[in-house]
Each structure stands twice: as C-alpha cells, then as structure tokens.
Amino acid sequence: MSDYATTIQTLFESLASNLKGSVHYVTAGPYGKSTMLVPHVWKYAKSVRPQAQGLYVQGTDLEVVELDSYCANTEDEDHRTETQANIVPRGDRSKLGLLSYPRFHSTLANDETFAWLEFGNMVLFLDVERSPTVKGEMTIGFMLAKLSRYLDENGLSGGDVNLSIILLGSRYRQEITDAFAAYVHVDVTHLEWHETLSVSPLCLNPVQDPVEDVIVSHLFGSSLSEEEPASCVVIFQSYDAFSVSYLPGIETCEEMDGIQLKVHVLKEDSSSDDLGDILDETEPFVLCVEPGFLVSLPIPNVKAILGGFHRTVKRFDRNTSQFALVEVLPSEAELHQERAWAIKSLTYLESPPPYLTFLPKANYDLNPREDYARLEADVMRLCLHASIAFQDLWPERSPVPGLRLMHPDIIREAKFRLGMMGCLVYGSHAPVATDLGIKTLEYMENTEFNCLGSIQLANLLARIDTNTDLPLPVRRVLVRIAALTDFNPFFVTDEAFEALETHGEEILKAIENGSAGLGQREARTGHIWMQLGLWTKYTTESEVEKVIDMPMADGIVMRSGRGIAKVEAYVRGLEQRLGLPPVTNELADTMLEPSHQLLAFETFARAYLHQLVFFSTQDPPTDVVSMRRVRITRYSHIVNFEELVRRSTVKFPGICAVYTSARVKEGQFEVEELTLIPNLIFNRILASFNVQHLTALLASGYPFPIEN
C-alpha cells in the first residue's frame with residue numbers, strides 16, 4: 001500500500017503555509033523521487049508561490065541531463081515540467097533549475113554566481129547520498145555555511161525570507177539532520193514514503209550456475225523482434241574484473257558461435273554521451289556498473305541483473321591505522337543500488353527483470369552495513385577539503401555532515417599526517433592548508449593523473465608542480481615515476497617469481513639487461529626504478545608492435561599494451577600541463593647526476609612518508625607508522641631486502657623501503673611494490689623536522705589493538 005498521497009500533502013501544506021523556513025527529509029525507495037515527487041511538488045509550489053525560485057541539486061551531471069530530458073519528453077502530464085539543466089533560473093521563475101553537486105558547489109563558491117541564488121524565496125530540492133562521498137558531504141557543508149551566513153544577515157524569522165528545503169534520500173541519515181540543526185537552526189521533519197513494490201534476489205550458486213552460462217542464456221536465450229531494443233545484462237562488477245574472470249569463458253560458449261560480445265561500462269566519471277552510446281546499442285551487450293558509479297538508471301530491455309560479487313576496495317584498517325585494499329562483500333547500500341536498477345527497469349518493462357545474486361542467502365540477509373566505510377577510507381581528502389573551505393575540522397563546529405561520522409582519533413591522525421606531508425600548518429586555533437596542500441587536493445581529484453585518488457601520488461604531483469627549484473631532469477624523472485606508479489605497465493611473470501629462490505641473481509640480471517638509463521642503474525633498488533628502466537628501454541626500441549602485450553627481459557617481464565598507452569598519454573599530458581619542454585632524447589634527458597638523483601629520491605620519499613617498511617637483522621619487516629609486522633610475499637618484490645640487510649658490511653640498524661600498494665589479506669597486512677630509499681635521505685628528512693628517529697616522527701597516534 002502506498003503512502004505517497006500523505007507525503008505529498010504534508011509538503012503541500014508546508015509550501016502553502018506562512019512558515020518562513022522549513023526543511024523536510026523524504027526517504028523512499030527507487031519509486032520516483034526525482035521523476036514523480038519533485039515535478040509534482042514543484043508544480044504545486046508554482047501555484048502557491050509563483051515568484052519562488054526553484055532548484056534541484058542531484059549528484060552528477062549525468063543525472064541532471066537525464067532528468068531534464070525526462071521532464072521534457074514524458075507522456076505523463078503529472079510528471080512533465082519545464083526545467084533548465086545546469087543553469088540557475090533567473091528572471092523566468094516558471095522553470096525548475098537542475099544542478100549537479102559540483103556545479104552547485106562552484107555556484108556557492110563564486111560571489112557573482114552565489115548572488116543568483118535567492119534564498120529569500122526559494123524551493124530547494126537536494127538529493128542526499130545513501131553512501132556518503134567527499135563530493136556530496138562537502139557540497140552540503142558548503143551550502144550550510146553559505147546559508148547560515150545568509151540567514152544571520154537576513155533573519156529566518158524576518159518577512160523577507162521564505163525558504164523551503166526538501167531533502168531526498170533512500171535512507172535517513174541522522175548526521176544530516178544534526179548539521180542542519182547546528183548551522184541553520186531549523187528542525188528537520190522526516191517523511192517516509194513507502195510502496196509495496198519490491199524485488200527479491202534469486203540466490204545462485206556459481207558452481208551450479210556459472211556466471212558465463214547465466215549471461216549467455218539471458219542475452220541469447222530468446223529471439224527479439226526488429227522493434228525491440230538490444231538485450232542487456234547488467235552486472236555489478238568492474239570491467240577489469242569482468243574481462244579477466246568471465247569474458248574469455250563467454251566468448252568460447254557454443255551459443256556465441258564466434259560472436260564478439262559487446263561490453264559497455266558505467267564508471268564514476270561516465271557522461272550522458274556514454275549513456276547515449278548504451279541506449280543506441282543495436283546488438284546484445286553486457287553493461288558493467290563499476291563500484292564508483294552510484295546512480296541507478298532505467299535501461300531498455302534488461303534481461304537480468306547480476307550482483308552480489310565480492311569487490312576489492314580501499315579501507316581504513318583499524319589494526320594498523322593504514323589505508324589498504326581489502327576484498328569485501330557488497331555493503332547494504334550497494335545491494336540497495338542493485339535492487340534499484342531492477343525496479344527502475346519498470347520504466348520500459350511490465351515486470352522487473354530477474355535480480356540474480358551470487359551472494360549466499362545467509363550472507364545476503366546479514367550483509368555488512370558499510371555505508372560509511374567509503375568516506376572513512378577517504379578521510380585524508382575529506383579533512384584536507386574541510387580545512388581549505390572552513391579552517392576547522394572539529395565535527396561539532398564544522399558544517400560538513402560526514403565529519404560527524406568520523407571517530408575523533410581518525411580525524412586527529414589524518415590531521416597529523418597531512419601536517420607531515422606539508423599540506424597543513426597549525427595556526428593559533430585550527431590547521432590551515434598550505435599552497436602544497438591546496439595543490440595536493442587538486443591532484444587528488446584529477447582522475448587524468450591520479451586514477452585511484454591516492455593522496456601520496458597527489459602529494460608527489462603537487463611537489464613536482466610547485467617546487468620550481470627542482471632541476472628539469474629531476475622533474476622529468478618524477479613525472480615518469482608518477483605515471484608508472486599510477487598504471488604499473490610492467491609485471492614480473494608468476495614463473496619468474498616462483499624461481500626467485502633458486503635463480504634470483506639470474507632473474508635480476510635479466511631485468512637489468514632488459515632495461516636502460518637511470519632505471520637500469522638502480523634496478524636493484526626496487527620496484528619503481530625497475531619500472532623506469534623497463535620504460536626507458538621500451539621508449540628506445542623500434543616502433544614495431546609497441547602497443548600490444550609483449551614479453552621483455554628474456555621473458556621475465558610482461559608489458560601491458562593497454563598500460564603502456566596510458567603511461568604514454570599520462571607523461572605527455574602532465575609535461576604539457578607543467579609547461580616542460582618536449583623531450584628530444586628519452587635516455588639522455590632522464591639521466592641524473594648523483595646530487596639530482598638524491599633530490600628525486602627525497603621528493604618521492606616525502607610524498608610516501610607514511611608508507612614505509614623497516615627491514616633489520618633482528619626483527620621481521622615492520623610498518624614504520626604502526627610498528628606492526630607486515631607480510632612480505634614472494635609476489636611483493638623482486639629484490640630480497642631481508643637478504644640485502646644480512647649481507648651488508650656497513651653497520652646500520654636497518655633499511656627502509658617505500659611501498660606504493662598495500663592490502664589486508666586473511667587478516668594480515670601485506671605490502672607490495674617496494675622501493676629502497678637510501679638512509680641518507682631519511683637523515684635529511686629527520687633533520688628538517690628536528691627529530692632523530694623515524695618512529696618519533698611518524699608513529700601513529702591512532703589507538704589500534706595491541707598485537708600479541
């Protein structure tokens with residue numbers, strides 16, 4: 001039974017009353033909050049408040065464009081309304097303005113465009129994310145800060161202010177209500193809209209029902225008329241995981257008969273053009289919805305929706321206070337999104353397509369509530385953002401709702417590390433972002449040069465960008481190191497790793513012989529220099545077959561053609577962005593004299609200062625920040641650092657290596673992609689902070705459990 005009428009009536013009464021300010025928080029499933037409730041309420045608002053400015057803020061540009069098209073073209077008169085995509089309505093008050101989070105944020109941040117917002121007489125609809133992100137939390141925080149200032153100047157009880165805010169979400173989030181109460185001093189009224197419509201998952205066993213067979217049977221199991229759109233199967237998995245795990249098996253199925261399967265992808269930065277390509281597809285296809293794509297969309301002729309897959313994501317590891325990759329079950333929010341796709345398919349279908357999950361029934365019913373884990377894993381970026389915008393990270397004083405979700409110890413640790421990285425300095429009352437910090441945030445959010453949003457890589461890029469004292473050859477080398485760290489186009493084969501114990505020296509020599517330049521000279525230092533040596537060798541070879549997967553270094557190493565192409569574009573694009581002159585000779589232009597090489601080492605080490613492993617003759621490898629043991633597998637590095645320490649004739653307590661990747665596996669913290677940093681570099685860094693020991697500089701203050 002639906003209670004939509006009751007929900008709408010409450011909103012109507014509020015709009016028609018003489019209340020000078022009201023905030024309603026409507027929570028509902030995927031029943032039509034944007035396509036039914038918003039047009040319905042806006043039409044009524046125009047009838048009782050014809051001079052009110054109307055604005056609807058959604059998460060992405062893609063949602064804005066799609067809703068604008070829907071409102072203009074729907075055959076349902078109740079849902080049709082005049083809208084303006086990506087424009088704040090000025091003058092003509094009949095249209096509802098549609099803005100994405102980023103565009104609304106930029107409108108608030110600019111004094112000229114902020115003046116276009118007429119909070120004195122406005123009906124504002126705002127989507128609230130089910131699983132909060134930095135983008136969404138900062139947009140709400142910025143709006144509350146601006147709104148608070150406006151109301152302080154005009155007074156909510158004054159006759160000139162009539163502001164109605166309607167929040168729309170799929171679940172109630174208390175921290176949103178608390179932030180509104182603290183900053184706008186208005187009570188939030190929660191309205192729940194229920195419908196009987198639901199979709200239940202059909203739990204499959206991947207052994208009895210292989211994913212490949214399920215996809216093929218639904219895509220090609222029935223014939224289509226010429227008028228029908230192309231058949232589609234939606235799978236909630238990254239394209240990389242799908243192409244490795246299932247695509248080869250699908251293309252060898254008898255039913256395919258040599259047909260190459262079409263695969264489309266929706267990811268975090270997908271545009272309306274990408275969606276247009278999907279809607280225009282004429283052949284059966286699989287649609288991969290990647291974890292970063294948080295929108296639910298109606299797609300014609302969906303034959304099945306496949307979900308419940310494990311996924312590898314970044315998480316804050318409470319046992320080490322580090323940020324690591326971990327394989328997890330889909331969270332409650334992610335399962336909600338999967339169901340929402342099935343329900344929204346009713347736009348085109350008479351009944352929902354089957355929702356097939358490969359999560360066991362017991363796990364499905366007890367799935368983890370990790371709705372906030374994504375934001376917690378991005379706490380460094382959130383704190384840097386909030387410091388730049390509000391100069392305050394104390395949750396009760398900050399307008400950013402997401403900070404209220406964070407344990408104070410996590411915020412304290414994030415502030416400490418940002419300070420060590422040169423992103424924050426501490427004023428009399430609160431941390432203040434430095435120029436390096438502002439540039440670091442810029443590169444954190446630049447997916448062209450930081451596809452995983454790594455703060456360490458962003459800090460490295462910011463140092464290359466802002467430190468104009470770095471000699472040109474050093475900047476060139478660091479640009480290549482950044483690109484190779486982001487994409488890792490060269491990888492040692494499993495066979496070579498298996499043979500390390502008995503043929504380690506031969507394998508190292510083969511890699512050295514297959515390399516060139518500075519990276520060849522430093523190949524025994526570890527991962528990033530090996531990558532650089534192989535890259536330099538690659539760039540000096542003939543142009544024949546460069547873009548395909550090929551073995552190198554006597555078959556010890558494989559190069560990824562796809563990765564190579566990405567690194568080439570990255571290096572070219574970043575050097576243009578930085579204004580570096582074109583390279584005339586890759587080998588000569590990236591060779592460094594000893595003093596310049598130390599500068600490159602130091603710049604790299606300062607960016608990755610909180611990702612260090614200490615090797616000594618007395619103790620197992622240890623993470624410097626947490627002082628926890630780390631697991632080093634034979635697939636972690638080609639250089640045996642433990643053996644290097646044992647064989648050294650120089651008396652020192654040990655050596656440190658940077659790791660650029662880490663994961664938690666079977667409860668253990670594993671580090672990967674290790675690169676040795678000379679002790680001389682750490683002496684320089686310690687001297688700059690006026691401390692004597694790395695642990696004194698870097699030891700975590702987060703209260704993780706004591707190790708037995």
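The values are calculated or read from the model by the stated rules, or taken from the named source; none is laboratory data. Since the model is a prediction, treat every value here as computed from it, not as a measurement. Ideal geometry is used to build each Cβ from the backbone, glycine not excepted, and the neighbour counts take in all protein chains shown. Surface accessibility is based on the protein's heavy atoms, side chains included, excluding ligands, DNA and RNA. Shrake-Rupley method; radii C 1.70, N 1.55, O 1.52, S 1.80 Å.
Filter segment 598-626 for residues that are at pLDDT below 95, polar (S, T, N, Q) and closer than 24 Å to Met420 by Cβ and give the result.
Once the filter is applied, which keeps residues that are at pLDDT below 95, polar (S, T, N, Q) and closer than 24 Å to Met420 by Cβ, segment 598-626 yields Ser616, Thr622, Ser626.
In a strand (DSSP E or B) and within 25 Å of Leu335 (Cα to Cα) - does that describe any residue in segment 27-37?
The answer is yes; a qualifying residue exists.
Determine if segment 450-466 includes at least one residue that is under 23 Å from Leu686 (Cα atoms) and over 27 Å from the mean Cα position of the chain (by Cα).
no
Only one of Pro352, Pro399 is closer than 29 Å to Leu279 by Cα, in contact (Cβ under 8 Å) with a residue 60 or more places away in the chain and in a loop (DSSP other than H, G, I, E, B). Can you tell me which?
Checking each option against the conditions leaves just Pro352.
Could you say whether any residue in segment 599-616 is in contact with a Ser or Thr (Cβ under 9 Å, 6 or more places away or on another chain), within 17 Å of Gly533 (Cα to Cα) and open to solvent by 50 Å² or more (accessible area, probe 1.4 Å)?
Within segment 599-616, not a single residue is in contact with a Ser or Thr (Cβ under 9 Å, 6 or more places away or on another chain), within 17 Å of Gly533 (Cα to Cα) and open to solvent by 50 Å² or more (accessible area, probe 1.4 Å).
If you take the residues in segment 400-426 that are small (Gly, Ala, Ser) and surrounded by 19 or more Cβ atoms within 10 Å (Cβ to Cβ), which one is nearest to the chain's Cα centre (by Cα)?
Checked segment 400-426; the qualifying residue nearest to the chain's Cα centre (by Cα) is Gly402.
Conditions: (1) farther than 21 Å from Ala342 by Cα; (2) modelled with pLDDT of 90 or more. Ile8 meets all but one. Number of the miss?
Looking at each condition in turn, Ile8 falls short on (2).
Is it true that Val41 is among the β-branched types (Val, Ile, Thr), under 23 Å from Phe119 (Cβ atoms) and either over 34 Å from the mean Cα position of the chain (by Cα) or not in a loop (DSSP other than H, G, I, E, B) (or both)?
Here the answer is yes, as Val41 does meet what is asked.
Have a look at Leu287, Leu279 and point out the one that is out of contact with any Asp or Glu (no Cβ under 6 Å at 6 or more places or on another chain), under 30 Å from Thr27 (Cα atoms) and surrounded by fewer than 19 Cβ atoms within 10 Å (Cβ to Cβ).
Testing whether each residue is out of contact with any Asp or Glu (no Cβ under 6 Å at 6 or more places or on another chain), under 30 Å from Thr27 (Cα atoms) and surrounded by fewer than 19 Cβ atoms within 10 Å (Cβ to Cβ) leaves just Leu279.
From Phe142, Phe125, which residue is within 29 Å of the chain's Cα centre (by Cα), crowded, with 21+ Cβ neighbours inside 10 Å, of a type outside the set (Asp, Glu) and not in a helix (DSSP H, G or I)?
Being within 29 Å of the chain's Cα centre (by Cα), crowded, with 21+ Cβ neighbours inside 10 Å, of a type outside the set (Asp, Glu) and not in a helix (DSSP H, G or I) holds for just one of Phe142, Phe125, which is Phe125.
Any residue at all in segment 228-248 that's in contact with a Cys (Cβ under 8 Å, 6 or more places away or on another chain), buried (at least 18 other Cβ atoms within 10 Å of the Cβ) and over 19 Å from Thr357 (Cα atoms)?
No, segment 228-248 has no match at all.
Looking at the structure I just gave you, is Gly437 in contact (Cβ under 8 Å) with a residue 40 or more places away in the chain and within 15 Å of His385 (Cβ to Cβ)?
Yes; evaluated as a whole, the condition is true for this residue.
Quick one: in segment 268-305, of everything that is in contact with a helix residue (DSSP H, G or I) (Cβ under 7 Å, 6 or more places away or on another chain) and part of a strand (DSSP E or B), which residue is nearest to Glu251 (Cα to Cα)?
Taking the candidates together, the pick is Val286.
I'd like the full set of residues that are without any contact (Cβ under 8 Å) to a residue 60 or more places away in the chain, surrounded by fewer than 19 Cβ atoms within 10 Å (Cβ to Cβ) and in contact with a Leu (Cβ under 8 Å, 6 or more places away or on another chain), limited to segment 24-44.
Answer for segment 24-44, where residues must be without any contact (Cβ under 8 Å) to a residue 60 or more places away in the chain, surrounded by fewer than 19 Cβ atoms within 10 Å (Cβ to Cβ) and in contact with a Leu (Cβ under 8 Å, 6 or more places away or on another chain): just Tyr44.
Okay, residues lined up against (1) farther than 14 Å from Val57 by Cα; (2) touching a residue at least 60 places away in the same chain (Cβ under 8 Å):
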site	(1), (2)
Ala109	yes, no
Thr113	yes, no
Asp127	no, yes
Thr133	yes, yes
Glu137	no, yes
Ala145	yes, yes
Ser148	yes, yes
Asp152	yes, no
